[in-house]
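Below is one structure; the comments refer to it alone.
The values are calculated or read from the model by the stated rules, or taken from the named source; none is laboratory data. Source: prediction; values computed, not measured. When we count neighbours, we look across all protein chains shown, and the Cβ atoms used for this are built from the backbone with ideal geometry, even at glycine. Just the protein is used for accessible areas: all its heavy atoms, side chains included, with ligands, DNA and RNA removed. Shrake-Rupley method; radii C 1.70, N 1.55, O 1.52, S 1.80 Å.
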Amino acid sequence: VVVPQIQQSSGINAEYGDPTSGLVQLADEVGMKNRFSALSLGQGQAPLATKLIKEGVKEGNWVYLANCHLSLSWMPHLDKLVEQLQSEEPHPDFRLWLSSNPTKGFPISILQAGLKMTTEPPKGLKANMKRLYGLVSEKTFSRCKKPEKYKKLLFTLCFFHSVLIERRKFLQLGWNIPYDFNDSDFEVSENLLNMYLDEYEETPWDALKYLIAGVNYGGHVTDDLDRRLLHTYINDYFNEDVLNTPFYKLSTLNDVYYVPKDGPYQHYKDYISLLPNVDHPAAFGQHSNADITSQIKETHMLFETLLSLQPQVSNREGESTESKVMGLAQDVREHLPELIDYQNTLSVLAEERHSPMGVVLLQEILRYNNLIKNIARSLTDLEKGIKGLVVMSEDLEEIFRCINEARVPPMWSKTYPSMKPLGSWTRDLVQRVDQFFKWAQTGTMPLLFYLSYFTFPTGFLTAVLQTSARTNNISVDSLSWEFIVQILDDVNITGQPKDGVYIKGMFLEGAGWDKKNCCLVEANAMQLVCEMPTIHFKPAEIKKKAGRGVYSCPCYYYPNRAGTADRASYVVSVDVKCGAATPDHWIKRGTALLLSLDS
């Protein structure tokens, strides 16, 4: 859009995508294409940028300086150039376009002198596809030598791009890590599609899928399971059936999302305008529960923000914040478990303390003992700080705020990650320590292990494999897992398995479980998670190749599937039967096992 009322400076804040193509298209529409200059700022580009601006002022050119945030040292000089434009009389056609990521170093005076815009993806599949077709001109739409193939695959490419962007609204059920797919990804993919269709008589499906999903869009993706989802979508939208099947369905919703019949450019835009304004979760391969899950999490985030903003004053009953925190801290102290006797455990284990399982037990005892000591010490210091006996340090202030807001202080959550509120976290800590206390007292492994109680569950699973390898005198590297979901109730399990361990306390998210047929089924309405039966983790020397009816279900330590920079959340992938659906169905559902919940 031309903004004549501000001729000196027009600004674009490009937080989403690259505005270059939009500016080039605009310049072409208003006859400024031959007088449009673009430059990406960076090291050594300042003199050229100054020259382009001065030439533009005289000749009436459009000058676009991209990525101003990469040249903050030159911004003061740009500020002076813009200030000079206020007193000079530049050519009436001159425009200065700037793009930048949000940064404190961008001059305020330039923002005040210019018109500020931001480009963001619209909400919904319909709006996204409408915008993407707006990026493709009629000339581009008609350039391919194989128009029938190109038009259909362009439509599926637009749908593919829109699904990837909109799937972020499902949070952890959408992507483990949210990715910023942008218009450049779509434009490069469209060029690849046109080029490869022109070059090859037979459609090079493998090359197209690899370049689009593996390289172009896949370049953003850092999580292996997110990459699996990406390839699942591209396989659905780029195949021979898209070209040969009339009205090829793009989702399980009947007669809603499909590839329209061949027609001119406007025909596709007209069809897109008929799509629903509100997207059903099934358009993404999701269950209706996914909407509920994401809305609950967004509501929690909203209330956490509101809670952090509330004033720290006394309530109506006259109880001060300090009194409230003192009461909560005392409650935590009363429920704090006793330390596990490490030296006694060494005596009980005897020679077994050098075995893989013995080493794991001793390591867990040390970690939990250190955590209990840390909690007790910090609560004592906090009480003294509230009474004015010691100075309230930053760490104590943070503990004070967290206890007041019923959150777990970061100092306490370093031992193992959790999203539980303080009350649930304290009760969970008692149960965790109790498992290791009983094991340490008797020296006998539990019949059923809660995998979530281990601070490092991957270390425990490795110890199980090492134990099996030593027992059977084979290499541990040759072992993998066989997963046997138990049909019997836990009360009927009377002894430990000959090889491996029984694991319980897992929760299934994104699906339900059929105990009778021992397979995945659709979750009931409002059933956001369901408890999994006990699973026998059995070491197997030669792993059978997963068949079509088996879904490799990822298992995460807690609901934050991405984990943190210090600690990954992913633990292991558990093979389970798919039931009536295919593995791709559960991949789109975001189906996963969780060792702990956020409640």
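If you keep only loop residues by DSSP, which trypsin sites (Lys or Arg not before Pro) in the range 81-125 have at most 10 other Cβ atoms within 10 Å of their Cβ?
K104
Return the calculated 222 nm mean residue ellipticity for the chain, to the nearest 500 deg cm²/dmol, obtained by summing -39500 (n - 2.57) across DSSP H runs with n ≥ 4 and dividing by the residue count.
-14000 deg cm²/dmol
Please compute the volume of the convex hull spanned by the alpha-carbon atoms of the range 512-567 and report it per residue in Å³.
159
What dipole magnitude, in Debye to the nearest 20, does the chain give about its Cα centre under +1 on Lys/Arg Cβ and -1 on Asp/Glu Cβ?
In total the dipole reaches around 420 debye.
Give me the Kirkwood hydrodynamic radius of the range 494-536, using the inverse of the mean 1/r over all pairs of distinct Cα atoms, in Å to one decimal.
Result for the range 494-536 stands at 11.7 Å.
Around A581, with a cut-off of 13 angstrom between Cβ atoms, what is the net charge of the other residues, counting Lys and Arg +1 and Asp and Glu -1?
Value of the local net charge: +1.
Let's see if you can work this out: charge +1 on each Lys and Arg Cβ, -1 on each Asp and Glu Cβ, no other charges. What is the dipole magnitude of the range 253-312 about its Cα centre, in debye to the nearest 20?
Charge dipole, the range 253-312, about its Cα centre: 60 debye, nearest 20.
Go through the range 513-592 and name the GluC sites (Glu not before Pro) that are in a DSSP coil and have 14 or fewer other Cβ atoms within 10 Å of their Cβ.
The qualifying sites are E541.
On the protein heavy atoms, probe 1.4 angstrom, tell me the percent of accessible surface of the chain carried by carbon and sulfur.
On the way: 15650 of 30060 Å².
Percent of accessible area from carbon and sulfur atoms in the chain: 52.
Taking every pair of distinct Cα atoms and averaging 1/r, then inverting, what Kirkwood hydrodynamic radius in Å comes out for the range 58-129?
One over the average 1/r among Cα pairs gives 14.1 Å for the range 58-129.
Report the rotationally averaged projected area of the range 108-187 based on its alpha-carbon convex hull, in square nanometres.
Average projection, Cα convex hull of the range 108-187: 7.8 nm².
First obtain the Kirkwood hydrodynamic radius of the range 281-422 from its Cα pairs, then insert it into the Stokes-Einstein equation at 25 °C and 0.890 mPa s, and state the resulting D in µm² per second as a whole number.
This corresponds to a translational diffusion coefficient of 132 µm²/s.
Test of understanding: extend the Cα→C-beta vector of R567 to 7 Å, then name every residue of the range 439-475 with backbone N under 14 Å from that spot.
452-459
How far apart, in nm, are the 7 Å Cα→Cβ label points at L115 and S137?
It works out to 2.2 nm between the two label points.
The chain: Rg/Rh from Cα coordinates, Kirkwood Rh?
Value, to two decimals: 1.05.
What is the packing order of peptides 447-458, 52-63, taking the mean over residues of other C-beta atoms within 10 Å and listing the highest first?
The packing order, highest mean first, is 447-458, 52-63.
Restricting to bridges with both residues inside the chain, how much of the DSSP beta-bridge set is antiparallel, in percent to the nearest 5? Intermediate results must be reported in sequence, preceding the final value.
On the way: 26 of 47 bridges.
Counting DSSP beta bridges with both partners in the chain, the antiparallel share is about 55 percent.
Of L98, L171, which has the most accessible area with a 1.4 Å probe, and how do the rest follow in descending order?
L171, L98
Considering only DSSP states other than H, G, I, E and B, which trypsin sites (Lys or Arg not before Pro) in the range 500-565 qualify as loop sites with at most 16 other Cβ atoms within 10 Å?
K515, K516, K543, K544, K545, R548
With the convex hull built on the Cα atoms of the range 208-292, state its orientation-averaged projected area in nm².
Mean projected area for the range 208-292: 7.1 nm², to one decimal.
Which of Y268, I165, G385 sits closest to the plus end of the dipole of the chain, meaning its Cα is farthest towards the positive end, when Lys and Arg get +1 and Asp and Glu get -1 on the C-beta?
Of the listed residues, the answer is Y268.
Could you size up the charge dipole of the range 520-599 around its Cα centre, putting +1 on the beta carbon of Lys and Arg and -1 on that of Asp and Glu, and report it in debye to the nearest 20? Intermediate values should be presented prior to the final figure.
Values: 10 positive and 7 negative charges, 72 e Å.
Charge dipole of the range 520-599: 340 debye, to the nearest 20.
Rolling a 1.4 Å sphere over the protein heavy atoms, what is the accessible area per residue of the range 290-446, to the nearest Å²?
Numbers: 8910 Å² over 157 residues.
Using a 1.4 Å probe on heavy atoms only, each residue of the range 290-446 averages 57 Å².
On a C-alpha basis, how far is the centre of the range 373-396 from the centre of the range 111-190 in Å? Whole number, if you could?
53
Full-extension gain between V430 and N101, please, as 0.36 nm times their residue separation minus the C-alpha to C-alpha distance.
Values: separation 329, 0.36 × 329 = 118.44 nm, distance 4.69 nm.
Gain on stretching V430 to N101: 113.8 nm.
Decide, for the range 150-212, between rounded, prolate and oblate: order the square roots of the alpha carbon gyration tensor eigenvalues as a ≥ b ≥ c, take rounded if a/c falls under 1.5, and otherwise choose prolate if a/b is larger than b/c, else oblate.
prolate
Picking from Q466, A46, V325, whose Cα lies most toward the positive end of the charge dipole for the chain (charges on Cβ: Lys, Arg +1; Asp, Glu -1)?
Going by the charge dipole, the pick is Q466.
Roughly what % of Cα-Cα distances in the range 492-599 sit above 17 Å, to the whole percent?
57
Quick one: net charge around G174, please, counting Lys, Arg +1 and Asp, Glu -1 for every other residue with C-beta under 9 Å from its C-beta. Intermediate results must be reported in sequence, preceding the final value.
Working: positive: R167, R168, K169; negative: E166.
Cβ neighbours under 9 Å give a net charge of +2.
Compare the Cα positions of L250, V136, S288 along the charge dipole of the chain (+1 at Cβ of Lys, Arg; -1 at Cβ of Asp, Glu; about the Cα centre) and return the one farthest towards the positive end.
Selected residue: L250.
Using the alpha-carbon centroid of each, what span in Å lies between the range 218-247 and the range 569-588?
So the two Cα centres are separated by 17 Å.
Excluding I372 itself, what net charge comes from residues whose Cβ is under 14 Å from its Cβ, given Lys and Arg +1 and Asp and Glu -1?
Computed value for this residue: 0.
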